[in-house]
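Take a look at the structure set out below.
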Amino acid sequence: QEQTFLAIKPDAVQRGLIGPIITRFERRGYKLRAIKLIVPDRSLLEKHYDEHKGKPFFEKLVGFMGSGPVCAMVWEGKDVVKTGRAMLGATNPLNSAPGTIRGDYGIDLGRNVCHGSDSVDSAKYEINLWFQPTEIQ
Ligand code: ATP
């Protein structure tokens with residue numbers, strides 16, 4: 001079965017949004033395979049956001065993502081990568097449709113609530129980066 005990596009960002013963890021986000025994925029029929037709270041260190045975030053290294057917002061992004069606990073998860077199910085992205089909505093909450101996670105809870109481009117893998121390959125890379133195999137059920 002296909003798997004994806006989701007990370008609820010620090011501001012959303014602090015705002016108490018873990019429950020509502022998990023509920024949406026459970027109601028959609030997806031299976032939670034791994035979950036933990038982690039304050040990601042710089043080395044982890046540089047690997048996770050490798051494609052953005054050198055961009056003007058990179059330092060702000062890494063600083064924000066390391067500013068508190070992130071809720072890292074592995075979800076499994078049919079087409080979960082693509083459907084998960086659709087459930088998140090557009091990257092910028094100003095453009096994300098009502099009914100999507102970012103459209104309902106997002107504040108701005110930085111504080112956009114949740115990350116989700118954008119392809120099956122990046123899901124594999126990110127799951128392997130954030131989790132040990134023994135942490136996945
Ligand atoms: P994510 O990787 O978080 O799921 P995404 O794949 O939809 O988001 P990317 O273009 O990969 O979007 O950007 C990664 C993250 O970097 C975004 O979620 C956003 O928080 C942040 N970001 C992107 N562009 C900017 C920008 N111009 N200014 C500030 N933050 C940005």
Those residues of segment 81-120 that are within 13 Å of HIS48 (Cα to Cα) and not small (Gly, Ala, Ser) come to a total of 2
Checking the structure you have, find out if any residue of segment 46-66 is surrounded by fewer than 16 Cβ atoms within 10 Å (Cβ to Cβ), among the acidic types (Asp, Glu) and away from the ligand (no atom under 13 Å from the Cβ).
yes
In segment 71-93, what count of residues is obtained for those that are assigned to a loop (DSSP other than H, G, I, E, B) and either modelled with pLDDT of 95 or more or closer than 14 Å to ILE8 by Cα (or both)?
7
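If a residue must be over 20 Å from LEU129 (Cβ atoms) and near the ligand (Cβ under 8 Å from one of its atoms), how many such residues does segment 67-90 contain?
To start, the set of residues in segment 67-90 that are over 20 Å from LEU129 (Cβ atoms) comprises 77-79, 82-83, 86-87, 89-90.
Applying the additional criterion that residues be near the ligand (Cβ under 8 Å from one of its atoms) yields 90.
Summing the residues that are over 20 Å from LEU129 (Cβ atoms) and near the ligand (Cβ under 8 Å from one of its atoms) in segment 67-90 gives 1.
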So TYR125 ticks every box in (1) over 19 Å from LEU37 (Cβ atoms); (2) part of a helix (DSSP H, G or I); (3) within 11 Å of the ligand (Cβ to nearest atom); (4) in contact with a Phe, Trp or Tyr (Cβ under 9 Å, 6 or more places away or on another chain) but one. Which box is left unticked?
(3)
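Is it fair to say ILE38 is touching a residue at least 60 places away in the same chain (Cβ under 8 Å) and away from the ligand (no atom under 13 Å from the Cβ)?
yes
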Restricting to segment 40-70, name every residue that is closer than 15 Å to PHE5 by Cβ and either of a type in the set (Ser, Thr, Tyr) or modelled with pLDDT under 95 (or both).
TYR49
Return the pair list, or none, for Cβ contacts closer than 7 Å from residues in segment 94-113 that are under 12 Å from ALA12 (Cα atoms) and surrounded by 13 or more Cβ atoms within 10 Å (Cβ to Cβ) to residues that are of a type in the set (Phe, Trp, Tyr) and modelled with pLDDT of 95 or more, at least 6 apart or on different chains.
GLY110/PHE64; VAL113/TYR105
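The values are calculated or read from the model by the stated rules, or taken from the named source; none is laboratory data. On a predicted model such as this, the values are computed, not experimentally measured, just so you know. Positions of Cβ are generated from backbone atoms using ideal geometry, with glycine treated the same way; all protein chains shown enter the neighbour counts.
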